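Report on the following structure.
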Amino acid sequence: MKRRTFLTGAFAGTAALALGVNLYSPSIMTPSDDIHHRVLFSVLIPVFLDGALPEVPSHREVAMNRTLDAISQSITHLPLEQQQELMALLDLLEGRLGLLLLSGSLTPLLMREPQQLVEMLEFWRHNYLDMLKIAYGGLRELIMASYYACPEHWGNLRYVKPTFLVHNAHSSLV
């Protein structure tokens, strides 16, 4: 067998395997019916908000759900082109072939350890490819903005909503 024939066969076999794995995605692992990819965001939120989420499990769950709702709401306010780009990124992260291309691993994000997620996101953040830097920045901004858009999370920032004195028109006439 010639070396070229072997390499061509190995490449074709690998491509066929990757395509087959990408096409076969059990429904239990991909929440394709969830339009806002809540499961994927529920994995990424603790990584991006490390130290900001409450430690008490019940409070943490409430904060996570509130942030997931805010993310869904924020997505609806993005320009259509950005919504499409974000959905394409999330679809890639939920598909096996896209996950392999973006993270170098077929292990679903839901099954990774937090440190593995941090390493993947840091790789994106400092990558020479602008596409990965933009993906990192977009996900980070969306999650951070959605979390801190909720007034109940402002205390972490030591931010107090300004109060305005309401001038009563009748009191000035007296």
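Dipole of the stretch 31-154 computed with +1 at Lys/Arg Cβ and -1 at Asp/Glu Cβ about the Cα centre; of I71, G138, M87, farthest Cα towards the positive end is G138.
Which FRET efficiency value, to the nearest 0.05, do you get for F164 and D69 by plugging their Cβ-Cβ distance into 1/(1 + (r/R0)^6) with R0 = 30 Å?
Details: r = 28 Å, r/R0 = 0.93.
Computed FRET efficiency for F164 and D69 comes out at 0.60.
Annotation for F123 and M144: the two label points, set 7 Å from Cα along the Cα-Cβ direction, are 2.3 nm apart.
Remark: spin-label model distance I134-Q115 equals 3.3 nm, labels positioned 7 Å along the Cα→Cβ axis. Normalised by 2.2 N^0.38 Å, with N the number of residues, the alpha-carbon radius of gyration of the stretch 31-154 equals 1.02. Computed extension gain for D91 through T76, at 0.36 nm per residue and net of the alpha carbon distance, reaches 3.7 nm.
Computed from point charges on the beta carbon alone (+1 for Lys and Arg, -1 for Asp and Glu), the dipole magnitude for the stretch 31-154 about its Cα centre is near 120 Debye.
Each reported figure results from applying straightforward, stated rules to the coordinates on display, with no laboratory input. These numbers come from a predicted model, not from an experiment. Glycine also receives a Cβ, built like all others from the backbone with ideal geometry; neighbour counts cover every protein chain displayed.
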